[in-house]
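Below is one structure, written out as structure tokens; the observations come after it.
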Amino acid sequence: MPKTNPAPAPRRKRRWWRLIFLWLPFWFVAITTSQVLLLRWIDPPTSAFMIDRQIDAWTAGEKDFRLRYRWRDWQQISRSLPISLVAAEDQKFPEHSGFDFQAIDKALDSNKRGRKVRGASTISQQVAKNLFLWSGRSYVRKGLEAWYTVLMETLWPKRRILEVYANIAEFGDGVYGVEAAAQRFFGKPASALTASESARLAAVLPSPRRYSASKPGPYVQRRARWIQRQVGHLGGASYLEQR
């Protein structure tokens, strides 16, 4: 019988690369879905943004820098804090599916007119970015942010998304989560925060390294008062509990 010659090495390599390329989408979906599904029940020990800040401190030689982070479950957080976050950052949070398209349209329209406005990211998008991704702006990162947002909105209840947000948001340089922030700025646990203190923590979120919750300037004071008024308009903590 005539012998069959094995396929040339370059051809075999191309075949393997094709197989790898074809399987990449499957592995991407499997890995990212597993990540999000596990964190529905497992409290994250850290976040991508915390790791990034720690690396920055090491690189810059900040010897006195200490990252503060301590997880607290929903029941261990003052009822005034989650509703303050929603009033400040994403008032349609209980209703949307991860994206506030009306806010996105307004932001795009304002940008076209050359007016500087805050972003239209929802709380879900911010959790996706802070927990899984890196800082900066690129189409790749925005695409991954949208993907993780869809996964979280599909696999997590709304309360879990807000619970994670309250625990990984940066409230000061190196201060992550409401428990660390409450201890650092007010000398008390997150469960003892007042409505005024919760509003001040929510007020610094646009720039937590620039503004202070413990020593609020005019901007933080004005914004905290506005947040408290919005909490009242929404109906207080019951706005979240009814959904």
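No lab work stands behind these numbers, since they all come straight from the coordinates. Here the structure is a predicted model, which means the values were calculated and not measured. Counting neighbours? That spans all protein chains shown, and the Cβs are built from the backbone with ideal geometry, glycine included.
Note down the magnitude of the dipole of the chain about its Cα centre, charges +1 on Lys and Arg C-beta and -1 on Asp and Glu C-beta and zero elsewhere, to the nearest 20 debye.
Approximately 920 debye in magnitude.
Can you list, largest first and rounded to whole Å, the semi-axes you get for the chain by taking the square root of 5 times each eigenvalue of its Cα gyration tensor?
Its equivalent ellipsoid spans semi-axes of 40, 21, 19 Å.
Residues Met50, Met152, arranged from fewest to most other Cβ atoms within 10 angstrom of their Cβ, appear as Met50, Met152.
Label-to-label distance for Leu38 and Arg210 is 3.7 nm, based on points extended 7 Å past Cα in the beta-carbon direction.
Charges only on Cβ, +1 for Lys and Arg, -1 for Asp and Glu: so what's the dipole of the range 110-243 about the Cα centre, in debye to the nearest 20? Please list the in-between numbers first.
Numbers: 23 positive and 8 negative charges, 164 e Å.
So the dipole magnitude of the range 110-243 works out to roughly 780 debye.
Highest mean packing comes first when the peptides 164-172, 93-101 are listed by Cβ atoms within 10 Å, giving 164-172, 93-101.
Put simply, when 204-213, 59-68 are sorted by average Cβ atoms within 10 angstrom per residue, most first, you get 204-213, 59-68.
Ranking request for peptides 139-149, 178-188: highest mean number of other beta-carbon atoms within 10 Å first, then the rest in descending order.
Details: 139-149: 15.5, 178-188: 20.2.
Taking the mean over residues of other Cβ atoms within 10 Å, the ranking is 178-188, 139-149.
Contact order, relative form, for the chain: 25 percent (alpha carbon pairs under 8 Å, 6 or more residues apart, mean separation divided by residue count).
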